[in-house]
Amino acid sequence: MVPWEPLLVYALVLVWAALLGWLPFRLLERISIVDQIDASAVERSREATTDSTVICPHCGQPNDRGYTFCESCGGKLPTG
């Protein structure tokens, strides 16, 4: 006679372990922010890295050094 209960429990444990290994990766794909990155803002920040400008950490726009707030979005600029 075959003990079906232990075999069924074993099969359920295998399925559960497979889901636990697969599910986090699917969730990470769902919440990925790679699609939300604004490539143009990154490029503008690379182009405008001169000594006379400071890059806004909120919107990525270059601003003249000495400004306290961003001309574009109004966010506080880093000092220094």
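The values are calculated or read from the model by the stated rules, or taken from the named source; none is laboratory data. Predicted model, so just to flag it, every value in this text is computed and none were measured. For accessibility, only protein heavy atoms count, side chains too; no ligands or nucleic acids. Shrake-Rupley method; radii C 1.70, N 1.55, O 1.52, S 1.80 Å.
Worth a mention:
- Any hit, region 59-72, residues being modelled with pLDDT under 80 and either not in a loop (DSSP other than H, G, I, E, B) or not β-branched (Val, Ile, Thr) (or both): no
- Residue check: residue 1 meets all listed conditions (1) modelled with pLDDT of 85 or more; (2) open to solvent by 90 Å² or more (accessible area, probe 1.4 Å); (3) of a type in the set (A, V, I, L, M, F, W, C); (4) not in a helix (DSSP H, G or I) but one, namely (1).
- Failed criterion for residue 32 (all others in (1) open to solvent by 70 Å² or more (accessible area, probe 1.4 Å); (2) modelled with pLDDT under 85; (3) not in a helix (DSSP H, G or I) hold): (1)
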